[in-house]
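Here is the structure we will look at, set down as structure tokens.
Each value in this text was obtained by applying a stated rule to the coordinates, not by laboratory testing. Keep in mind the model is a prediction, meaning the values are calculated, not measured. Methodologically, a virtual Cβ is constructed for each residue, glycine included, from the backbone with ideal geometry; neighbour enumeration extends over all protein chains shown.
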Amino acid sequence: MRMVCITIGICMLAGLSGCGGGPKSAKGFTLPDGDIERGQAAFVSLKCTDCHRVAGIDLSVAEEEQGMSVRLGGEVSRIKTYGELVTSIINPSHRLPEGFNEEEIAVDGESKMRNYNDVMTVSQLIDVVAFLQSRYELIEYEPTDYPPFLFDDKVVATK
Ligand code: HEC
């Protein structure tokens, strides 16, 4: 009986936290394939470069005009999903990236990123996401190599 109660409790929590696929869940979200080159062109024409530089390419435009240069792309331990990238673009304040001084990238918790929702076409969004995703590079996870634990010159534990 107790187990049943715990199981029901966990299911309810999962439902509340949105993992269970409520009306606001991202379940079923898919984008058609975007075009990387068109995405790069849109990234420049929409002036994303005012505040962003992209790892590995020189977009040769006046960067840091806004006094910041948030790097997109580069080495990551997990590639950003389409869903995460779309969310960052259409709802920038949803989650501020780690590793930045919050004062530089946000004002009162609100991202300094421009709102593009009335400016960008859906095709541009799809292409920009394809372009950005292609700029992330997955670094293989390297497990830490722990030396064997020696006690009295005998191996007590290996891992
Ligand atoms: C006025 C400055 C500004 C402009 C213009 C701008 N951004 Fe941003 N952007 C930011 C800031 C600041 C952040 C970090 C805070 C955040 O996540 O909202 C950010 C974050 C992002 C992130 C998430 C980065 C991460 O590591 O989580 C993506 C993706 C992004 N921007 C894409 C774009 C695209 C695409 C455009 C053009 C359509 C654009 N941005 C234009 C300021 C800007």
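Quick notes
- Debye, to nearest 20: dipole size of the stretch 32-157, +1 on Lys, Arg Cβ, -1 on Asp, Glu Cβ: 360
- Fewest-first ordering of LEU125, LEU31 by other beta carbons within 10 Å of each residue's beta carbon gives LEU31, LEU125.
- Along the axis of the charge dipole computed for the stretch 82-124 (Cβ charges of +1 for Lys and Arg, -1 for Asp and Glu, origin at the Cα centre), the listed residues SER93, VAL107, ASN117 are led at the positive end by ASN117.
- All-pairs Cα distance distribution in the stretch 32-157, expressed in whole percent, bin size 10 Å: 11, 37, 29, 8, 7, 7, 2, 0
- Taking 0.36 nm per residue of sequence separation and removing the Cα-Cα distance, the ASP118/ILE36 pair yields an extension gain of 27.3 nm.
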